[in-house]
Amino acid sequence: MKRLLTVTTAVLGMVAALAALPAAPALAAPGDAGTVGLVDPTQGRWYLRDASGATTTFFFGNPGDVPFVGDWDCDGVDTPGLYRQSDGFVYLRNANAVGVADREFFFGNPGDVPVAGDFDGDGCDTVSIYRPSLARFYVINTLGDGNAGLGAAEHEFTFGDVGDQPLVGDFDADGKDEVALHRPSTGLVFYKNTLGFGHADVSFTFGDPGDHVFAADWDGDGEATVGAFRPGRAEFLLREANAAGPADRVFAFGGGFMLPVAGFFGQLPGGGAEPPTGGGALARGDSGQRVAQLQQLLTEKGLYRGVIDGQYGAHTQQAVMAFHKVNRLPREWDWRASDWDRLASYTGPDNLPSRPGEPDRFEIDITRQVAHLVKGGKLIATFPIASGNGELFQGRSGLVRARTPRGDYRFQRSIDGMRISYLGQLWRPWYFVGGYAIHGSPSVPAAPASHGCVRLTMWDANWVFGKVYVGMPIHVWD
């Protein structure tokens, strides 16, 4: 959009769209101000909030879609867009009402993030690409259609660091949108007033680690400024200046498992139900929106690698266990009411060694029974593990103590499949010294349990397999 935009980076789902005739949208006028909305990943429901606080709801999309908004038909009103990673397509809707996509086209590479905005000032939004793996923008001033690709980028440039999260808005009120980045670890927001390489023109801190940061014109003065959605408290915080300082407006809306969107949504009918909220204790076997909220927050903290399905099953149990382990809490499989606030403020382990010369590495914390994967200098995942239990067992040459070797090693070799040894089965093992490996196992209890290898869950072993490599450092410590 010309003045208003948000981009979300987390991957959440929506249910399939239903066909209906939308009401005619109202055009934006000078002085119109942006508002916010949320997308519910468990029911596929969009909740758009107008200036009076009334809510409009509708369905659009499929599970796994990434939601965003923009003015696709140049009428001054922002409406839904979706990026479907399962098929690599973008689907756009020209009304804030239930219905099928009005436009669809092929988009980027797996893992790319849509960044929508009016980058050439023609009054129409287009969908461009941010590639997180390269910290690179591909700005495209035409809108795809008819199942075709987006085409060549008009602007292609690297900006910021891997791990930064993109947002877009008209930050200098010149009628054209610019790109910005939010650095979750520090709260730094920075942007350039032109599209291209170079240092930021403006930088400031806003929000807390874990916030979803976006931009829109909250006061109708033509300048987009930052806002944040804080999942731990399910609060929106809106700032009316691109400078460090407290939020000018704070209000609660929805649940922390939802994705925020923001823009000028035109004249909404209102009358919809308020978005659901969540909290309280959860246990194995529970299901529903509160479980999905927990799964989403654990995903954002690098602790959960499953589907956001609202089911408190094995994947969720192990992520909860990893959270309890890494925070030195009682090793429980169930979620306590007091855990929500701790999760909202969690920014990573407090004992991860700093190794500036090793941007890629695997760390194994024997004491807390967790492992950490660092890529590009950023912690990207924490896993529950089970290491050597310290007991004696019968080895090939006599009794052996089940102890995981401590020290500094490198991955030496791997097996893409099941290795059958005289001590048991090792799924997709990565060996780091002698016969010791990290590997998948059906049993990863709360306490040490192995003969000396480092057990991961089967799904974590699959997830790790394509992200570590021969020669990568691995450190094992107490």
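The values are calculated or read from the model by the stated rules, or taken from the named source; none is laboratory data. The structure displayed is predicted, hence computed values, not measured ones. Using ideal geometry, Cβ is built from the backbone for each residue, glycine included, and neighbour counts are taken over all protein chains shown. What goes into the accessible areas is simple: the full protein's heavy atoms, side chains included, and nothing from ligands, DNA or RNA. Shrake-Rupley method; radii C 1.70, N 1.55, O 1.52, S 1.80 Å.
Structure notes:
- Residue satisfying all of: in the range 440-478; free of Cβ contacts under 8 Å to residues at least 40 places away in the same chain, open to solvent by 30 Å² or more (accessible area, probe 1.4 Å) and outside any loop (DSSP other than H, G, I, E, B); farthest from G424 (Cα to Cα) among these: N462
- When G81 is tested against the conditions (1) touching a residue at least 40 places away in the same chain (Cβ under 8 Å); (2) part of a loop (DSSP other than H, G, I, E, B); (3) within 23 Å of the chain's Cα centre (by Cα), the lone failure is (2).
- Taking residues in the range 310-329 that are touching a residue at least 60 places away in the same chain (Cβ under 8 Å) and assigned to a loop (DSSP other than H, G, I, E, B), and partners anywhere that are among the charged types (D, E, K, R) and buried (at least 20 other Cβ atoms within 10 Å of the Cβ), the pairs with Cβ atoms closer than 9 Å and at least 6 places apart or on different chains are G310/R290.
- Taking (1) open to solvent by 10 Å² or more (accessible area, probe 1.4 Å); (2) out of contact with any helix residue (DSSP H, G or I) (no Cβ under 6 Å at 6 or more places or on another chain) in turn, V291 satisfies each apart from (1).
- Failed item, numbered, when F190 is tested on (1) under 25 Å from V374 (Cα atoms); (2) part of a loop (DSSP other than H, G, I, E, B): (2)
- Yes/no for A180 being closer than 19 Å to I129 by Cα and in contact (Cβ under 8 Å) with a residue 60 or more places away in the chain: no
- Checked across the range 242-253, the condition of being at pLDDT below 95, surrounded by 15 or more Cβ atoms within 10 Å (Cβ to Cβ) and either of a type in the set (V, I, T) or under 19 Å from T57 (Cα atoms) (or both) holds for at least one residue.
- Qualifying residue in the range 344-361 (condition: in contact with a Pro (Cβ under 7 Å, 6 or more places away or on another chain), open to solvent by less than 60 Å² (accessible area, probe 1.4 Å) and assigned to a helix (DSSP H, G or I)): yes
Here's the yes/no breakdown for (1) at pLDDT 95 or above; (2) among the aliphatic types (A, V, I, L, M); (3) within 27 Å of N193 (Cβ to Cβ); (4) surrounded by fewer than 17 Cβ atoms within 10 Å (Cβ to Cβ):
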residue	(1), (2), (3), (4)
D78	yes, no, yes, no
R84	no, no, no, no
N94	yes, no, no, no
F106	no, no, no, yes
A116	yes, yes, yes, no
D122	yes, no, yes, yes
S128	yes, no, yes, no
S133	no, no, yes, yes
R136	yes, no, yes, no
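- Residue check, A402 buried (at least 21 other Cβ atoms within 10 Å of the Cβ) and hydrophobic (A, V, I, L, M, F, W, C): no
- Residue count for the range 247-293, restricted to those that are of a type in the set (A, V, I, L, M), in a loop (DSSP other than H, G, I, E, B) and over 22 Å from D208 (Cα atoms): 4
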